[in-house]
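For reference, the structure discussed in these notes is given below.
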Amino acid sequence: MALFRKKRGTDETMHYGAKLITIAKPQSQITEQFRTVRTNINFKAIDHDINTLAFTSAAISEGKSTVAANVAITYAQSGKKTLLIDGDLRRPTVHSTFSLSNRRGLTTILTSNNNKFNLDDFAQESGIENLSILTAGPIPPNPAELMGSKRMKTFIDFIKSYYEMVIIDLAPILEVSDTQELARELDGVVLVVRQAKTQKQAVKRAVEMLEFAQAHVLGYIMNDVKSEDAGYGYGYGYGKENKEKKSLFLWLKK
Ligand SMILES: Nc1ncnc2c1ncn2[C@@H]1O[C@H](COP(=O)(O)OP(=O)(O)OP(=O)(O)O)[C@@H](O)[C@H]1O
Ligand SMILES: [Mg+2]
């Protein structure tokens, strides 16, 4: 028996935050792809309003936090009053990404006995126009109960009237039950799939679980796709141009 389990993911974003290419390189082609994601989501909103949107994946480290933060930025940049919520109570990253305090956040709201939600006490400014942040807050012993609670549902309903777009970075659906509980309450859920990492079976199972939960699955984002597989696409990187050829994002419709 192995003494240590093989490490499946990386904790990099938990410590250093997600990379905000939409801020670092606003003219890059990958930033353009994030805008395309926004456009495609807006197209879906013709069928039904999309006011609350979540990103999840089958397993950990597929790029959810990176995608959620960058898509939230593109919404804010389009002039929409946007709130990014860190709903991954086990592996929170949003406070690191935006260099904010995580002393209070979503968990503080969910564990409070106060019947009224006073958002001003919790939502923080991101430093980016139109973008506010609700960090995860102190990690509780019972994340699944909190995320699936009636109070969370009431909170989502409440928050909708304050923001034009609410984006939630959720925990991976195959790893925790919280995500399934909440997914059905949201206007849209997008699955992030990391090409080289996610197993086909896991994607299938994740979609089944989301559909079983009656979530509105809008589609999925292929992350970290090697350019030769995609035939086209753009790099995702921060170094030299040749490094950027390594990986890219694609938005695929369902
Ligand atoms: N397209 C990409 N190319 C290169 N690195 C990437 C890409 N997408 C994500 N990463 C890196 O992979 C790691 C995991 O990304 P991220 O934290 O966004 O994933 P996650 O699904 O939110 O993970 P977790 O399950 O821990 O919440 C980070 O180090 C991030 O910088
Ligand atoms: Mg994450």
- Message: Residues that are in contact with a Leu (Cβ under 8 Å, 6 or more places away or on another chain): list the helices (runs of 4 or more DSSP H) wholly contained in region 17-112 that include at least 2 such residues.
- Response: 29-44, 64-77, 94-97, 106-111
- For region 89-108, enumerate the residues that are surrounded by fewer than 20 Cβ atoms within 10 Å (Cβ to Cβ), farther than 14 Å from Ser65 by Cβ and either within 10 Å of ligand 1 (Cβ to nearest atom) or of a type in the set (Gly, Ala, Ser) (or both). Ser99, Ser101
- If you check every pair at least six apart or on different chains, which have Cβ atoms under 7 Å apart with a residue in region 178-196 that is over 23 Å from Tyr163 (Cα atoms) first and a residue that is surrounded by 22 or more Cβ atoms within 10 Å (Cβ to Cβ) and among the charged types (D, E, K, R) second? Val192/Glu62; Val192/Lys64; Val193/Glu62; Arg194/Glu62
- Item | Candidate set: region 173-183, residues that are under 11 Å from Leu210 (Cα atoms) and within 13 Å of ligand 1 (Cβ to nearest atom); chosen: the one modelled with the lowest pLDDT | Thr179
- Query: So, in region 197-221, of the ones that are touching a residue at least 60 places away in the same chain (Cβ under 8 Å) and outside any helix (DSSP H, G or I), which residue ends up surrounded by the most Cβ atoms within 10 Å (Cβ to Cβ)?
  - Reply: Ile221
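Mind checking which residues of region 117-127 are assigned to a loop (DSSP other than H, G, I, E, B), under 20 Å from the mean Cα position of the chain (by Cα) and on the phi < 0 side of the Ramachandran plot?
Keep residues of region 117-127 that are assigned to a loop (DSSP other than H, G, I, E, B), which gives 117-118, 122-123, 126-127.
Of the ones still in play, those that are also under 20 Å from the mean Cα position of the chain (by Cα) are 122-123, 126-127.
Selection gives Phe122, Ala123, Ser126.
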- Task: Output the number of the condition that Ser61 fails; it satisfies all remaining conditions of (1) surrounded by 24 or more Cβ atoms within 10 Å (Cβ to Cβ); (2) within 25 Å of Glu32 (Cβ to Cβ); (3) within 16 Å of ligand 1 (Cβ to nearest atom).
- Result: (1)
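Among the candidates Asn102, Asn114, single out the residue that is closer than 23 Å to Ala144 by Cα and either without any contact (Cβ under 8 Å) to a residue 12 or more places away in the chain or within 14 Å of the chain's Cα centre (by Cα) (or both). First the steps, then the outcome.
Details: Asn102 fails: either without any contact (Cβ under 8 Å) to a residue 12 or more places away in the chain or within 14 Å of the chain's Cα centre (by Cα) (or both).
Going through Asn102, Asn114 in turn, the sole match is Asn114.
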- Task: Please specify each residue of region 107-139 satisfying the condition of being touching a Phe, Trp or Tyr at 6+ places or on another chain (Cβ under 8 Å) and modelled with pLDDT under 95.
- Result: Thr108, Ile109, Leu110, Phe117, Leu119
- Note on the structure: All conditions in (1) within 16 Å of ligand 1 (Cβ to nearest atom); (2) in a strand (DSSP E or B) are true of Val166 except (1)
- When both residues are 6+ apart or on different chains and their Cβ atoms are under 6 Å apart, which pairs have a first residue that lies in region 150-171 and is over 17 Å from Thr111 (Cα atoms), and a second that is among the charged types (D, E, K, R) and within 16 Å of ligand 1 (Cβ to nearest atom)? Asp169/Lys64; Asp169/Asp86; Asp169/Asp88; Ala171/Asp88; Ala171/Arg90; Ala171/Asp178
- Task: Evaluate the following for Thr52: is it in contact with a strand residue (DSSP E or B) (Cβ under 6 Å, 6 or more places away or on another chain) and away from ligand 1 (no atom under 16 Å from the Cβ)?
- Result: yes
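The values are calculated or read from the model by the stated rules, or taken from the named source; none is laboratory data. A quick note: this is a predicted structure, and the numbers were derived from the prediction, not measured. Every residue, glycine as well, gets a Cβ built from its backbone with ideal geometry; the counts of neighbours run over all protein chains shown.
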